[in-house]
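A.B. asks: Quick one: the structure is below, questions incoming.
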Amino acid sequence: MLKRKIEIVLKEWKRNPLRKPLVIKGVRQCGKTFSVKHFAEENYEHTVYIDFFEQPNAKTAFQGSKKVDDIVMYITALIPGTTFVPGKTCLILDELQECPEARTALKFFKTDGRYDVICTGSLLGVSGYGSKKKKGDDKEKGTSVPVGYETIVDMNPLDFEEFLWANSIPTEIINKLQECLEKETVVPEAIHQRLNDLFLQYIVVGGMPEAVGTFLQTHDINQVLQVQRIIMNEYKDDMVKYADDVDKSKIRECFESIPRQLAKENKKFQYATIRKGARASEYLGCLQWIEDAGIITRCYNLTQTELPLDGNAEEDVFKVYMRDSGLFLSMLEQGTQADVLQGNLLGYKGAIFENIIADVFSKMGRNLYYYHKNSGLEVDFLMRYKGECTLVEVKSNTGNIKSTKTILKNNAVYHVNSAIKLGKYNVGRSGATLTLPLYMSFLLKSY
């Protein structure tokens, strides 16, 4: 069984005597259901599990009275063998987006307090509360979000640290990497080579649990790719099922343009790349739909290299990255995976390695920013690190960081004193620039 960080979140939630119903949001197939069911089985005498997609008739239990006793009565009538014991039962509501009335009922479960409730949903940001509805529609239909009566947690596919756990890398090795980062000392060569190899594998496999499990069992990249493409087809099916009719084809076009967007020298997202003559007004909502579904993340351009970063971000100038590197590679031509594993990257070199760092940073909970000026200055990422605005350059092999050097030399203009260069290096420093291996990016947690 894959060890997941959500297990820590679930245990902390259970220890809180004032806990509210828990809603776990995350992209489809990231492991929500498995983690929640395993936790409930380990921590409760009784588990009641409802999947609103597989058991659509269960929706009727929530469509009438919102009294907890009535809902319990309907559930036990609909699903023989279920048992509700105060303080000892966990009710799991899976695919919550399929039953907005169940989400409304969370308020009453919190007020009642006898039963713990954990919900999971893949498309809660885009389904059930659609953009085309008029203000007040949800409330009138009895499907309002129970603000203040639920705790919402985001869950991602496996991050790189979880991938290391899956590959039996012990805590002592991760602690050693942390020590090398803090002391800026070289990582021992054996560890360095092993982590380099694992990072390249993570780029290809990504963090979808089924893809990771297939890789661990077979080490067959073709089988991994098949799993990834099935997941991608499920995403496309969701676009057809849940999006408004007028947006369905545009969302697909927007989604399928991502590899072309990142193949450009200037990776800024351009609507004309989707389709010649396309305008932001046509596709802005479609892009937002994909982002709300948890499939992509945006990286915003900064007007100034100063803290706070979000205060200097340009809302309409951004790059788009896939939130899972393995799924991104599955969108590219056959053979790309072998190129990555062999370190033989050509035209897509920048895109692949930028996307993996976006993957790592976004799974850490970091918002993404970059810096581009028409004068030619461009830095891949900027982040708050140890209280400073820090430049982050991503290089697959070796590479010039001319823009970074220019910014560091002009402190009076840019107000930046530190930079990190990620690439196929060991730990080192040259002046204000700290050089790190790509695999150490997941350790850059200090704000």
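A short reminder: the numbers here are calculations on the coordinates, not readings from a lab. Bear in mind the structure is a predicted one, so any value in this text is a computation, not a measurement. Heads up, the Cβs are rebuilt from the backbone with ideal geometry, glycines too, and the neighbour counts pull from every protein chain shown.
A.B. asks: Would you look at the GNM of the chain, springs on alpha carbons closer than 10 Å, and say which of 16, 57, 196 moves the most?
C.D. replies: Among 16, 57, 196, the largest GNM mean-square fluctuation belongs to 16.
A.B. asks: Just to check I understand the Karplus step: with θ = phi - 60° and J = 6.51 cos²θ - 1.76 cosθ + 1.60, what whole-Hz values come out for region 9-16, glycine and proline as x?
C.D. replies: These are the phi-based 3J(HN,Hα) values: 4, 5, 5, 5, 4, 5, 6, 7 Hz.
A.B. asks: Shape verdict for the chain, please, from the Cα gyration tensor: rounded (a/c under 1.5), prolate (a/b greater than b/c) or oblate.
C.D. replies: Verdict is prolate for the chain.
A.B. asks: With each label point set 7 Å from Cα along the Cα-Cβ vector, what nm distance links residue 334 and residue 222?
C.D. replies: Reported label-point gap for residue 334 and residue 222 is 0.8 nm.
A.B. asks: Set the bar at 32 Å for Cα to Cα. Now go through 32/402; 236/402; 236/386; 14/241; 236/264; 5/107 and name every pair that lies beyond it. Display every interim value, and only then the final one.
C.D. replies: Working: 32/402 43 Å; 236/402 40 Å; 236/386 40 Å; 14/241 35 Å; 236/264 24 Å; 5/107 27 Å.
Those over the limit are 32/402; 236/402; 236/386; 14/241.
A.B. asks: How high is the relative contact order of the chain, given as a whole-number percent (alpha carbon pairs under 8 Å, six or more residues apart)?
C.D. replies: After rounding, I find 14 percent.
A.B. asks: Please give the Cα centre distance for region 196-249 versus region 296-319, rounded to the nearest Å.
C.D. replies: Taking the Cα centre of region 296-319 as reference, the centre of region 196-249 is 28 Å away.
A.B. asks: Let me ask something else. Can you give me the angle between helix 221-242 and the longest principal axis of the chain, using Cα atoms only, in degrees from 0 to 90, rounded to the nearest 10?
C.D. replies: 60 degrees
A.B. asks: Further question: For residue 423, what residues show an amide H to amide H distance below 5 Å, using hydrogens built from the backbone and excluding near sequence neighbours?
C.D. replies: HN-HN under 5 Å from residue 423: 395, 436, 438.
A.B. asks: A follow-up question, please. Which of the aspartates and glutamates could a cross-linker bridge to residue 59, judged by Cα under 14 Å and excluding same-chain residues fewer than eight apart?
C.D. replies: 51, 70, 94, 95, 98, 101
A.B. asks: Could you give the length gained by full extension between residue 2 and residue 272, i.e. 0.36 nm per residue of separation minus their alpha carbon distance, to one decimal place?
C.D. replies: Stretched out fully, the residue 2 to residue 272 stretch lengthens by 93.0 nm.
A.B. asks: Anything over 26 Å Cα to Cα? Flag those among 37/88; 37/445; 250/445, in the order listed. Mind showing how you got there, number by number?
C.D. replies: Working: 37/88 15 Å; 37/445 30 Å; 250/445 37 Å.
In this structure, 37/445; 250/445 lie more than 26 Å apart at Cα.
A.B. asks: Of all DSSP beta bridges in the chain, what percent run antiparallel (nearest 5)?
C.D. replies: Beta bridges within the chain, antiparallel portion: roughly 35 percent.
A.B. asks: At 222 nm, what value in deg cm²/dmol follows for the chain if DSSP H runs of at least 4 each add -39500 (n - 2.57) and the sum is divided by all its residues, to the nearest 500?
C.D. replies: Value at 222 nm, helices only: -12000 deg cm²/dmol.
A.B. asks: If you don't mind, there's one more thing I want to ask. For the chain, with a Gaussian network of springs between Cα atoms less than 10 Å apart, report the residue from 32, 66, 373 with the top mean-square fluctuation.
C.D. replies: 373
A.B. asks: Something else now. Once you treat every alpha carbon in region 6-154 as an equal point and sum by Debye, what is log10 I(q)/I(0) at q = 0.11, 0.16 Å⁻¹?
C.D. replies: Debye output, listed in q order: -0.38, -0.84.
A.B. asks: Would you kindly state how much longer the chain becomes between residue 386 and residue 282 on full extension, computed as 0.36 nm times their sequence separation minus their alpha carbon distance, in nm to one decimal?
C.D. replies: Numbers: separation 104, 0.36 × 104 = 37.44 nm, distance 4.05 nm.
Using 0.36 nm per residue and subtracting the Cα-Cα distance, I get 33.4 nm.
A.B. asks: Going down the table (11/66; 67/248; 363/421; 373/421; 276/424), which pairs top 30 Å between alpha carbons?
C.D. replies: 67/248; 276/424
A.B. asks: What does the extension gain come out to for residue 167 and residue 57, with contour length at 0.36 nm per residue minus their alpha carbon separation?
C.D. replies: 35.5 nm
A.B. asks: May I ask you to derive the relative contact order of region 282-407, considering only C-alpha pairs under 8 Å and at least 6 residues apart, and to give it as an integer percent?
C.D. replies: For region 282-407, the relative contact order is 23 percent.
A.B. asks: Describe numerically, in nm with one decimal, the distance between label points set 7 Å from Cα along Cα→Cβ at residue 184 and at residue 112.
C.D. replies: 5.9 nm
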